[in-house]
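Here is the structure we will look at, set down as structure tokens.
Taken together, the values in this text are just the output of simple stated rules run on the coordinates, not laboratory data. A quick note: this is a predicted structure, and the numbers were derived from the prediction, not measured. All Cβ positions, even for glycine, are placed from backbone atoms using ideal geometry, and neighbour counts span all protein chains on display.
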């Protein structure tokens, strides 16, 4: 009986893989769980938001792009959003994650601050997804890492609005300057990123039964750790 069930299961898989007329069908999808599909949807949405944010930051801070010769917004997008993340950049002192973000706020740093910020933000969030490009049923996520990444985005937003160079100017402009029409698009983008990471943290916490250790204070805090 057991052998019969196994044979029928195998036969169904074989027929599906061999006779399906849909070009979207892949046999490996049969090993995925619903939660993995949700995770990948979240990952895709996060990357889409990060790419949009990168473009907006370069348009708001065009002088950052000009610090490195022959770079365009498109070339920077291609350098930042790669998966798997197997390349570190000499211009960022080979830093990634929160270290790359912090480099973008150092007064003595003469490189592209937007590049440092977005490489750091992308690799930090990518690490919260176990540095995976695809998630299968054995690739269990860590809810605390996802939660910490959401808090780190909040800390980053606080730094963007408060950290200034020796001339009293913000290192990277996001909000409108005095006298301009108020620009809320950055606030919305960061808010969506935070919401996505928080939602994924809750989903994973519910799946694993592990309690998330929550942080009460954000302003002035150091970036929270995220590890695999």
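Here the calculated FRET efficiency for residue 164 and residue 94, from their Cβ-Cβ distance with R0 = 22 Å, stands at 0.25, rounded to the nearest 0.05. With neighbour counts taken as other beta-carbon atoms within 10 Å, the residues 121, 184, 189 rank, fewest first, as 184, 189, 121.
For 200, 43, 215, the sequence from fewest to most other C-beta atoms within 10 Å is 215, 43, 200.
The alpha carbons of region 30-208 stretch over 54, 34, 24 Å along the principal axes, in descending order.
Across region 30-208, Cα pairs under 8 Å and at least six residues apart give a relative contact order of 25 percent.
Residues 87, 56, ranked from the fewest to the most other C-beta atoms within 10 Å, line up as 87, 56.
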